Structures are given as C-alpha cells and as structure tokens.
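The block underneath contains the structure these notes are about, expressed in structure tokens.
Where a number appears in this text, it was derived from the coordinates with a stated rule and is not lab data. Note that this is a predicted model, so its numbers are computed, not measured. Quick reminder, even Gly has a Cβ in these numbers, built from the backbone with ideal geometry, and neighbours come from all protein chains shown.
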Amino acid sequence: MPEQIVERRQIPLPPLPPGSESSLGVVDLVYDDGSVKRLWTKDDGVQVLGLTPEGKVIAIRERGYTHLVGGFVEPGENPETAARRELLEETGYIAESIELLAAPYQDSGGSERIIWLCLATGCRKAQDSETGIGVTPMSPSELWQHITNCIANPSEKRRGIMSLAVATLAFQRLGLLTFNTP
C-alpha cells in the first residue's frame, strides 16, 4: 500500500486555441511503492456574492446563463484581491469590503483546488462590465429562486452549485436565511 509521494510529475498538455483560457493541468503522483496516481488539477478559484448599498445582488449573464461572479486566483494573488479583480473585470463594480465566508475544496475526492467563497458589500458601479457579460442586479429572493430552480432542474446543464454555496453562506451571514430548529 502506498504511503508517501516521492515524486510529482507535471504532464504537458497540448496548447489551447488562440483566445482560450484555462488553468487545467495534469499531474502524476508517484508513490514510494512505485504506484502512480494521475490527478487533474486546476488553479484555485473565487466565487463572489456582490451586494449593492440598495441590497441588490450583482448577478451576471453570459453564454445564456445567469450566475454570480467567479474566476481564477492568479499565481501570487490572495483570494480577496482575486475577488475584487473578478468583480471589477466582470461587472465594473468595486466593493467597500470583501469577507471570506468559506474555502471548500471543489472536489473532496483528491482535488487540491479550493474555491474561496466571498461576500462583497457596498458594491458601486465604477466602469463598464466585461464585453459579453450582462450585469443583472437582483433582489436576494430573485437570485435564490433562480439558483434553486436551476439546481432542481435535471435538464439544466449549468446548475450553479458554487453560486448556491456562496449565496447560502452570504444570506445566512446577512440574516436573510435562517433555519428553524425543532
């Protein structure tokens, strides 16, 4: 039975088409008994629930799908900086404050990728949104209805599980989501 990783080999992937972007990688973990486990890797990410002073959630619409702001944490960048950058790039909004809500692994089955779930408050429009992205301010209840409908619909390709995770934590923190205990 393997006990210790003795080598980590990066496996080269073919180049992406021009204009494409991905942090996908492949790594072989070599164990002390000679066995090898192949892992798909991806850079850490952020998922951001932005809230305006008027109480609107900043949702985005791209490629026919409405969801929350998210993206990669770039090398050397901390999650708060990545959340601010993604919010500004995608929506044109800046936040007064960013609060880290949680940092779950994307896949508990061996993934090393963390998705940093953040709440951005006091968000104000500072510039235009990224080309191809529509900004859709929604009430918290509209967003909740949208996300839960997507997840409950088996024919929906993009179900928004990370949007649901950050919305649940943010709404609970803001007192918008409470649980009754018997």
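In the elastic network of the chain, a GNM with C-alpha springs shorter than 10 Å, the most mobile of 83, 120, 102 is 102. What size of dipole, in debye to the nearest 20, comes out for the stretch 45-173 about its Cα centre when the only charges are +1 on Lys and Arg C-beta atoms and -1 on Asp and Glu C-beta atoms? Around 340 debye, computed over the stretch 45-173. Model label sites at residue 178 and residue 161, defined 7 Å from Cα along the beta-carbon direction, differ in position by 3.1 nm.
Taking Rh as the Kirkwood radius computed over C-alpha pairs, what is the Stokes-Einstein D of the stretch 15-168 at 4 °C in a medium of viscosity 1.567 mPa s, expressed in µm² per second? Translational D for this selection: 78 µm²/s. Per-residue ellipticity at 222 nm, computed for the chain from helices alone with -39500 (n - 2.57) per DSSP H run of at least four residues, works out to -7000 deg cm²/dmol. For the pair residue 42 and residue 145, a Förster radius of 22 Å applied to the C-beta separation gives a FRET efficiency near 0.15, rounded to the nearest 0.05.
Report the FRET efficiency, 1/(1 + (r/R0)^6), for residue 63 and residue 29, where r is their Cβ-Cβ distance and R0 is 45 Å, rounded to 0.05. Working shown, then result.
Details: r = 34 Å, r/R0 = 0.76.
E(calc), rounded to 0.05, equals 0.85.
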